[in-house]
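The values are calculated or read from the model by the stated rules, or taken from the named source; none is laboratory data. Computed from a prediction, not measured in an experiment: that's the story for all the values here. Glycine gets a Cβ as well: all are built from the backbone with ideal geometry, and neighbour counts include every protein chain shown. Accessible surface areas use protein heavy atoms only, side chains included; no ligands, DNA or RNA. Shrake-Rupley method; radii C 1.70, N 1.55, O 1.52, S 1.80 Å.
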Amino acid sequence: MVRRWRFGGAHAGLMEWLFQRLSALYLGICFIFPVVYFSLYPLNDHASWVAWWSQASVRLAMGLLFLSLYLHAWIGARSIALDYVKPFALRFMTLMAFGLFLLLLSMWSIQLLLSMGPV
């Protein structure tokens, strides 16, 4: 029996829902952790901030933060556009504009992470 690959179907929204919830969880952790960390260990001068930002673990966490933020935003905007923007051309243009915006933000984020100096 030959099975065809289908785009969509009954389980297509389940993965979007899972990615949305996991990215929201990571975003929440990335908000709470610095508040607690900087409350316990305040960084008072520029040198301590540079030392903190130059750690590979901080850069990795920030890269994952940007990735999860953009993924979360794309899934939410796509779901809203597919549900509420009915004319195909308007939906297409809306999603293309938002996708371009997220692409530009991701390029800026990569530039920001790479400009912090050597790891």
Residue identified as closer than 27 Å to Leu104 by Cβ, open to solvent by 80 Å² or more (accessible area, probe 1.4 Å), of a type outside the set (Asp, Glu) and out of contact with any strand residue (DSSP E or B) (no Cβ under 6 Å at 6 or more places or on another chain) among Tyr70, Tyr84:
Tyr84
Look at Leu60 and say whether it is at pLDDT below 95, closer than 24 Å to Gly28 by Cα, open to solvent by 80 Å² or more (accessible area, probe 1.4 Å) and not β-branched (Val, Ile, Thr).
yes
Index of the failed condition, Arg6 passing every other in (1) modelled with pLDDT of 90 or more; (2) surrounded by fewer than 10 Cβ atoms within 10 Å (Cβ to Cβ):
(1)
Do the conditions hold for Ala97, that is, is it in a helix (DSSP H, G or I), modelled with pLDDT of 95 or more and surrounded by 14 or more Cβ atoms within 10 Å (Cβ to Cβ)?
no
Mind listing whichever residues of region 11-46 are of a type in the set (Asp, Glu) and surrounded by 10 or more Cβ atoms within 10 Å (Cβ to Cβ)?
Glu16
Which of the residues belonging to region 47-57 are assigned to a helix (DSSP H, G or I), open to solvent by less than 80 Å² (accessible area, probe 1.4 Å) and not β-branched (Val, Ile, Thr)?
Ala47, Ser48, Ala51, Trp52, Trp53, Ala56, Ser57
Answer residue from region 63-104, given it is of a type in the set (Ser, Thr, Tyr) and in contact (Cβ under 8 Å) with a residue 12 or more places away in the chain and is farthest from Tyr26 (Cα to Cα) among those:
Thr94
Among the numbered criteria (1) more than 22 Å from Trp17 (Cα to Cα); (2) more than 17 Å from the chain's Cα centre (by Cα); (3) among the β-branched types (Val, Ile, Thr), which single criterion is violated by Thr94?
(1)
Subset of region 76-92, residues in contact with a helix residue (DSSP H, G or I) (Cβ under 6 Å, 6 or more places away or on another chain) and either assigned to a helix (DSSP H, G or I) or under 16 Å from Leu14 (Cα atoms) (or both), comes to Ala77, Ala81, Arg91
Under the condition of being of a type in the set (Phe, Trp, Tyr) and within 18 Å of the chain's Cα centre (by Cα), which residue from region 26-74 is nearest to Met96 (Cα to Cα)?
Trp74
